[in-house]
Amino acid sequence: MKDVLLKITESSNWVVIFTLLILLVWEGYAPYFSFFRQKMKKRALHAARNFTLTVMNAIMTSLMFIWIWNWAADFTTVHQFGLMNQFALPAWGKALGVVLLFDIWTYWWHRFSHVVPFLWRFHRVHHSDPQMDVTTSNRFHIGEIFISNVIRIPLIMLFGAEFWHIALFSALMFPVVQFQHANIGLTPTLDRLLRIILVTPHMHKVHHSRYYKETNSNYTSMFSIWDRLFGSFRLSKDLSKIQLGLNHFDSDKKQSLGGMLATPLGKNHTLPKSENKTELEP
């Protein structure tokens, strides 16, 4: 079982690339929102900006953190340290436990990023995309990725994770994250069935709404149970009317690569408290 999962995790990058290509084609032929219809140059520029952030984050993570995570995972194995090493579980049981623990943590990290002003400064780069599509799934400020990568080091040891557990979690999570950000729509029945377990495009479009009660919902990355369990689950009766992005960030300057990188240095707009849905402050 462990050998099979190791092979899966080793091919995770190909899974992510294949999922990305499928969703890019799907968006091109049957987009949910029409902001890129017959605007290939605009779509290509949007993708190039988001992919540049992706590459920057990937290089930083590879050079600075992969070896540290590997060291932390080796430490837990050698010293039998961490939560999952306190139980006599088979390999698949430990792997499942680590995946669930990391998914719970990702939920709370995301939620903290919406309520802690310092974290929101970085996280709003992700939310400021007014044309959310599959490329938005990796549109994160390098500062946010750096902070979350640092926090992952003690979590690996606390959870008792092996390195292949971390790779397995990524192999499972990233395709789901790509899927939920994609500019696609499912039939109501299919979306309803899938969101019993996973985050769906409907759920995540709600999360990227400018209306603060919708923005402050649906935080989970993979398993939808956490939003239901912690009271942050929300749907929209008319998904087609959702306004994506954040106010004050729609200009070409703000949407440029330089603008996105400078976003944490700008005015710290906070999420609004108004009950009026027309007052769409970021």
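All of the numbers you see were taken from the coordinates with simple rules; none came from a lab. What you see is a predicted model, and the numbers here were worked out from it, not measured in a lab. Positions of Cβ are backbone-derived with ideal geometry, glycine not excepted, and every protein chain shown enters the neighbour counts.
Once backbone amide H atoms are built at 1.01 Å from N, G185 has Y32 as its partners under 5 Å, excluding neighbours fewer than 5 places away on the same chain.
Principal-axis analysis of the Cα atoms of the chain puts helix 91-115 at an angle of about 40° to the longest axis. Taking amide hydrogens as modeled 1.01 Å from N in the peptide plane, which residues meet the under 5 Å criterion relative to Q243, leaving out close sequence neighbours? For Q243, the qualifying residues are R210, Y211. In this structure, the amide hydrogen of L198, modeled 1.01 Å from its nitrogen in the peptide plane, lies closer than 5 angstrom to those of S224, counting only residues at least 5 positions away or on a different chain.
Couplings for region 212-221, taken from phi via the Karplus curve 6.51 cos²θ - 1.76 cosθ + 1.60 with θ = phi - 60°, read 4, 5, 7, 4, 8, 8, 6, 7, 5, 9 Hz in order; Gly and Pro are left as x. For region 48-123 and region 155-188, compute the distance between their C-alpha centroids and round to whole Å. Spelled out, the Cα-based centre of one part sits 10 Å from the other. In order along region 146-159, the Karplus-derived 3J(HN,Hα) couplings, from 6.51 cos²θ - 1.76 cosθ + 1.60 at θ = phi - 60°, round to 4, 4, 5, 5, 5, 5, 5, 4, x, 5, 4, 6, 5, 7 Hz, and Gly and Pro are given as x.
Going down the table (K94/K205; K42/K253; K39/K253; K213/K254), which pairs top 22 Å between alpha carbons? Check vs 22 Å cut-off fails for K94/K205; K213/K254.
Modelled spin labels at F18 and M64, positioned 7 Å past Cα toward Cβ, are 3.2 nm from each other. Helix 163-181 and the longest principal axis of the Cα set of the chain meet at an angle near 20°.
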